[in-house]
1. For residues that are part of a strand (DSSP E or B) and aliphatic (A, V, I, L, M), tally how many sit in the range 105-125.
2. Looking at the structure I just gave you, is Tyr74 touching a Leu at 6+ places or on another chain (Cβ under 9 Å), of a type in the set (Phe, Trp, Tyr), at pLDDT 95 or above and buried (at least 17 other Cβ atoms within 10 Å of the Cβ)?
3. Quick one: in the range 27-56, of everything that is among the β-branched types (Val, Ile, Thr) and either modelled with pLDDT of 90 or more or touching a strand residue (DSSP E or B) at 6+ places or on another chain (Cβ under 6 Å) (or both), which residue is surrounded by the fewest Cβ atoms within 10 Å (Cβ to Cβ)?
4. If you check Glu96, Glu85, Glu89, which single one turns out to be among the charged types (D, E, K, R), touching a strand residue (DSSP E or B) at 6+ places or on another chain (Cβ under 9 Å) and loosely packed, with under 13 Cβ neighbours inside 10 Å?
5. Among what's in the range 57-71 and is in a loop (DSSP other than H, G, I, E, B) and more than 20 Å from Ser116 (Cα to Cα), pick the residue that is modelled with the highest pLDDT.
6. Taking the range 8-24 as the search range and keeping residues that are at pLDDT 75 or above and in a loop (DSSP other than H, G, I, E, B), which one is surrounded by the fewest Cβ atoms within 10 Å (Cβ to Cβ)?
7. Any idea how many residues of the range 99-121 are closer than 23 Å to Val10 by Cα and free of Cβ contacts under 8 Å to residues at least 40 places away in the same chain?
Amino acid sequence: MPPLVGRAGVRIQLSFIAGDDSMPEPDLALVSPVPSEVSHPSEAFLVIEVANTSLKFDREVKAALYARFGVPEYWVVNVVDRVVERHTEPMGGAYERVVSLRAGETIALSAFPDVSLEVAAIFGA
């Protein structure tokens, strides 16, 4: 996997501005490597939530929020079923495409198609 150094910044459990009244703290966000004028970015290449007990909330509430504010790619790392739910094509407050990926499959990032990750590696397999 080619590095993202210089191409994206990684934010772990830090606020993300999603409109005037919402600042969720995604588990991980890939953002522009250029420092923002404000302390929290309002755009991201990818947002990831790791879900166990929060699965329903992450699938419904957070997915709608991130889609509404144009996050192009959102992953729910579903710990319960050991799948990554990849949400893409945000439109009208929802993602048009949702694909579940399992061990044995690979995910390439939309913003960085040369960067991919084995699903099994996410779960430590």
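1. Final tally of qualifying residues: 3.
2. Details: touching a Leu at 6+ places or on another chain (Cβ under 9 Å): yes; of a type in the set (Phe, Trp, Tyr): yes; at pLDDT 95 or above: yes; buried (at least 17 other Cβ atoms within 10 Å of the Cβ): yes.
Yes, satisfied.
3. Step one: filter the range 27-56 for residues among the β-branched types (Val, Ile, Thr), giving 31, 34, 38, 47-48, 50, 53.
Remaining after also requiring either modelled with pLDDT of 90 or more or touching a strand residue (DSSP E or B) at 6+ places or on another chain (Cβ under 6 Å) (or both): 31, 47-48, 50, 53.
On the way: Val31: 20, Val47: 27, Ile48: 20, Val50: 16, Thr53: 9.
It comes out as Thr53.
4. It is Glu96.
5. Gly70
6. Only one residue fits best here, namely Gln13.
7. 9
The values are calculated or read from the model by the stated rules, or taken from the named source; none is laboratory data. Note that this is a predicted model, so its numbers are computed, not measured. Reconstructed Cβ throughout: ideal geometry from the backbone, glycine too, with neighbour counts over all protein chains shown.
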